[in-house]
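The values are calculated or read from the model by the stated rules, or taken from the named source; none is laboratory data. Just so we're clear, the structure is a prediction, and the values are computed from it rather than from any experiment. FYI the Cβ positions are ideal-geometry reconstructions off the backbone, even for glycines, and counts take in every protein chain you see.
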Amino acid sequence: MAIKCPNFSVGDISSFLFPDMASSGALLAEELHCSICLDVFTDPVSTPCGHNFCKSCLSQCWDSSQTCKCPYCKEAFNQRPDLKINITLRMVSCFLTYFQLKCNIE
């Protein structure tokens with residue numbers, strides 16, 4: 001039996017997930033987007049300064065530059081950091097992507 005999803009917005013999902021903190025839930029959904037590609041994280045990694053990006057986005061950014069710096073805050077790193085995928089952030093991002101695809105959320 002297929003489950004039919006109503007047409008939810010990110011705010012609706014936030015209200016459902018965080019009933020007492022709808023605005024906090026909306027902020028959380030925004031934090032699950034890469035500031036380079038503007039999409040939900042794919043294989044999210046964290047820079048030493050704590051900012052998150054898709055692994056491929058950050059790698060392409062650094063491959064096309066002579067220095068490695070955070071695309072968000074511009075902090076420079078002496079050597080290219082070894083990027084490890086943040087498993088928890090990837091699971092949360094996949095959860096958001098699943099809801100967006102399943103319920104046609106934009």
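Report the residue count in the stretch 28-41 for those that are farther than 20 Å from R80 by Cβ and out of contact with any helix residue (DSSP H, G or I) (no Cβ under 8 Å at 6 or more places or on another chain).
The total comes to 5.
Just to be sure before I move on: is L96 under 17 Å from H33 (Cβ atoms), in contact (Cβ under 8 Å) with a residue 12 or more places away in the chain and either out of contact with any Cys (no Cβ under 6 Å at 6 or more places or on another chain) or surrounded by 17 or more Cβ atoms within 10 Å (Cβ to Cβ) (or both) in the structure I sent?
Yes.
Tell me, please, whether a residue that is small (G, A, S), on the phi < 0 side of the Ramachandran plot and within 13 Å of the chain's Cα centre (by Cα) can be found in the stretch 81-98.
Pass one, the stretch 81-98, residues small (G, A, S): 93.
So of that shortlist, the ones also on the phi < 0 side of the Ramachandran plot come out as 93.
Subsequent filtering for residues that are within 13 Å of the chain's Cα centre (by Cα) retains 93.
Looking through the stretch 81-98, at least one residue is small (G, A, S), on the phi < 0 side of the Ramachandran plot and within 13 Å of the chain's Cα centre (by Cα).
Can you pull out every residue in the stretch 42-57 that is buried (at least 18 other Cβ atoms within 10 Å of the Cβ), closer than 14 Å to N86 by Cα and out of contact with any helix residue (DSSP H, G or I) (no Cβ under 7 Å at 6 or more places or on another chain)?
Answer for the stretch 42-57, where residues must be buried (at least 18 other Cβ atoms within 10 Å of the Cβ), closer than 14 Å to N86 by Cα and out of contact with any helix residue (DSSP H, G or I) (no Cβ under 7 Å at 6 or more places or on another chain): T47, F53, C54, K55.
Identify the residue in the stretch 64-93 that is crowded, with 16+ Cβ neighbours inside 10 Å and not hydrophobic (A, V, I, L, M, F, W, C) and, among all such residues, is modelled with the lowest pLDDT.
Once the filter is applied, the top-ranked residue is S93.
Give me the residue from the stretch 66-106 that is in a loop (DSSP other than H, G, I, E, B) and polar (S, T, N, Q) and, out of that set, nearest to N52 (Cα to Cα).
Of everything passing the filter in the stretch 66-106, N86 is nearest to N52 (Cα to Cα).
Read through the list (1) at pLDDT 90 or above; (2) surrounded by 18 or more Cβ atoms within 10 Å (Cβ to Cβ), then give the number of the only condition that D39 fails.
It fails just one condition, (2).
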